[in-house]
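What follows is a single structure, written as structure tokens, with notes after it.
The values are calculated or read from the model by the stated rules, or taken from the named source; none is laboratory data. Just so we're clear, the structure is a prediction, and the values are computed from it rather than from any experiment. Here the Cβ is made from the backbone with ideal geometry for all residues, glycine too, and neighbour counts use every protein chain on show. The area values use the complete protein model at the heavy-atom level, side chains included, leaving out ligands, DNA and RNA. Shrake-Rupley method; radii C 1.70, N 1.55, O 1.52, S 1.80 Å.
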Amino acid sequence: MQSFYVRLLGTGSPKPNRERSGPAQVIMVDETPVLVDCGEGTTRQLLNSEINPEDIKHVLFTHLHSDHVFGYAHFLLGGWSLGRKELTIVGPKGLKEFHEKILDIFKEDIDYRVNTLGISGNGLLDVNIIEIPDDGGEIEIPEINTEISSAPVVHNVTTFGFRFQKGDQAIVISGDTCPVDSLVTLAKGADILIQDAAIATSVFNAESTDANLKKIKDILVKEHCSPKQAGEIAEEAGVKSVVLTHLLPNTNETEAFQEASKAFNGKVIVGRDLDDITI
Ligand SMILES: [Zn+2]
Ligand SMILES: [Zn+2]
């Protein structure tokens, strides 16, 4: 197995979907798994892909929308109960408060496990929290053998794209975003771009007379990409392959693939849960 690749854990969206778990992926760097986002079902998807949840010692959050963090409480307490002894989490401002609220919600449960069962609080009560400045920049995590940089993208809350650079190889995660220059710059020449492509034509049919659907689409175009736009970003950034993700239920995969392929000369992959994307 290559030493630098992506494992898709969840390629879904806020809408529950039997085929797709909530947004999450692992960047594997020399056997060190780095989790990016932690949507619903992430811990179970780690188990399904034979990554021990307790082996994840670094989690990066693109943003704190519910669909990207629903799985964090389970991961935080579950990974600790399996024996995790250290954890660093990285994300936008508000991450510390979000983390502390979860500890607070489960305070009685945690007190019981620590004080009555005698489990060490390490890996749960001493989590290292890094909040990224709003303008992004380098993220220093010396124990991961890759450079990690962040850039703000355009969503409806503070959101970052991430670039993992290992030698001359690069993997980029777009985060939830509409098309924006900062993402094109971040993804320049990358091998793999994992790209928000939520606004599929098959879901948001242009001919639909549903006024509510139209209204929602008018809002979403300012904060997500279509498969076509995913292809355009990939083409402009000159990446080798683009992986369409954040897919809503009833997305027509063939159509999404074709729309992205028309705009992009490289390789288009429609993301599926538990797929490995190699360089
Ligand atoms: Zn979002
Ligand atoms: Zn999302």
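Applying the selection to segment 128-159, what residues are within 18 Å of PHE4 (Cβ to Cβ) and in contact (Cβ under 8 Å) with a residue 40 or more places away in the chain?
Result: ILE139, ILE141, GLU143, ILE144, ASN145, THR146, ILE148.
Among the residues in segment 89-99, are any away from ligand 2 (no atom under 16 Å from the Cβ), more than 18 Å from the chain's Cα centre (by Cα) and assigned to a loop (DSSP other than H, G, I, E, B)?
Within segment 89-99 (the criterion being away from ligand 2 (no atom under 16 Å from the Cβ), more than 18 Å from the chain's Cα centre (by Cα) and assigned to a loop (DSSP other than H, G, I, E, B)), the answer is no, since none of the residues qualifies.
Looking at segment 58-74 only, could you name the residues that are within 15 Å of ligand 1 (Cβ to nearest atom), open to solvent by less than 30 Å² (accessible area, probe 1.4 Å) and either under 11 Å from GLU40 (Cβ atoms) or more than 11 Å from the chain's Cα centre (by Cα) (or both)?
Listed by number, the residues that qualify are ASP67, HIS68, VAL69, GLY71, TYR72.
Please enumerate the residues belonging to segment 120-141 that are in a loop (DSSP other than H, G, I, E, B) and aliphatic (A, V, I, L, M).
LEU124, LEU125, VAL127, ILE132, ILE141
Among the listed residues GLU50, GLU31, identify the single one that is away from ligand 1 (no atom under 16 Å from the Cβ), under 18 Å from ILE141 (Cα atoms), surrounded by fewer than 19 Cβ atoms within 10 Å (Cβ to Cβ) and of a type in the set (Asp, Glu).
The match here is GLU31.
Might you let me know whether segment 252-268 holds any residue that is free of Cβ contacts under 8 Å to residues at least 40 places away in the same chain, assigned to a strand (DSSP E or B) and either surrounded by fewer than 21 Cβ atoms within 10 Å (Cβ to Cβ) or within 16 Å of ligand 2 (Cβ to nearest atom) (or both)?
yes
For segment 142-200, give me the residue count where each residue is part of a helix (DSSP H, G or I), away from ligand 2 (no atom under 16 Å from the Cβ) and buried (at least 24 other Cβ atoms within 10 Å of the Cβ). Steps first, answer last, please.
Here is the first cut: in segment 142-200, the residues part of a helix (DSSP H, G or I) are 181-187.
Next cut, away from ligand 2 (no atom under 16 Å from the Cβ) only: 181-182, 184-187.
After this cut, where a residue has to be buried (at least 24 other Cβ atoms within 10 Å of the Cβ) as well, the list is 186-187.
So the count comes out to 2.
Is it true that GLU100 is farther than 26 Å from PRO152 by Cβ, out of contact with any Ser or Thr (no Cβ under 8 Å at 6 or more places or on another chain), open to solvent by 20 Å² or more (accessible area, probe 1.4 Å) and of a type in the set (Asp, Glu)?
no
Can you list residue pairs whose Cβ atoms sit under 9 Å apart, with the first residue in segment 28-40 being closer than 12 Å to LYS57 by Cα and the second being open to solvent by 20 Å² or more (accessible area, probe 1.4 Å) and within 16 Å of ligand 1 (Cβ to nearest atom)? Count only pairs 6 or more apart in sequence or on different chains.
Pairs that qualify, where the first residue is closer than 12 Å to LYS57 by Cα and the partner is open to solvent by 20 Å² or more (accessible area, probe 1.4 Å) and within 16 Å of ligand 1 (Cβ to nearest atom): there are none.
Test ALA151 against the criterion of being modelled with pLDDT of 95 or more and in contact with a strand residue (DSSP E or B) (Cβ under 7 Å, 6 or more places away or on another chain), and give yes or no.
yes
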